[in-house]
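A short write-up of the structure that comes next.
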Amino acid sequence: MIYNEWFAGKKYLGEAYVMTFGYDLGTTEVSQELGNHNEWQYKNRLTATPTILINGYQLPDNYKIEDMRCFGDLNIN
């Protein structure tokens with residue numbers, strides 16, 4: 001439900017939307033998890049979402065995920 005609402009437009013509300021669930025975003029656990037995520041994002045040079053990774057490599061901008069059907073035995077539904 002949260003993902004559906006988020007991508008249906010609630011994402012533009014940002015933190016205000018998250019706060020409707022009563023989460024405490026100031027906890028040590030949340031801060032640490034956000035730090036881990038930011039570090040992973042930086043190390044992997046991810047600059048946008050969604051980012052498609054195949055075997056740990058970013059799909060080049062000039063390809064679409066559908067194009068992967070043409071490259072070997074990938075089973076993409």
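If we scan the range 47-61, do we find a residue that is of a type in the set (D, E, K, R) and within 14 Å of the chain's Cα centre (by Cα)? The answer is no, given that none of the residues of the range 47-61 is of a type in the set (D, E, K, R) and within 14 Å of the chain's Cα centre (by Cα). Counting only helices (runs of 4 or more DSSP H) that sit wholly inside the chain, those with at least 3 residues that are surrounded by fewer than 10 Cβ atoms within 10 Å (Cβ to Cβ) are 2-7, 28-43.
The C-beta contact set for the range 32-59 (first residue under 20 Å from C70 (Cα atoms), second residue surrounded by 10 or more Cβ atoms within 10 Å (Cβ to Cβ) and among the β-branched types (V, I, T), distance under 9 angstrom, 6+ apart or interchain) comprises I52/I65; I54/I65; Q58/T51; Q58/I52; L59/T51; L59/I52; L59/I65.
Read-outs: derived from the displayed coordinates by stated rules, not from any lab. This is a predicted model, so every value here is computed, not measured. In this analysis, Cβ positions are derived from the backbone assuming ideal geometry, glycine residues included, and neighbour counts consider all displayed protein chains.
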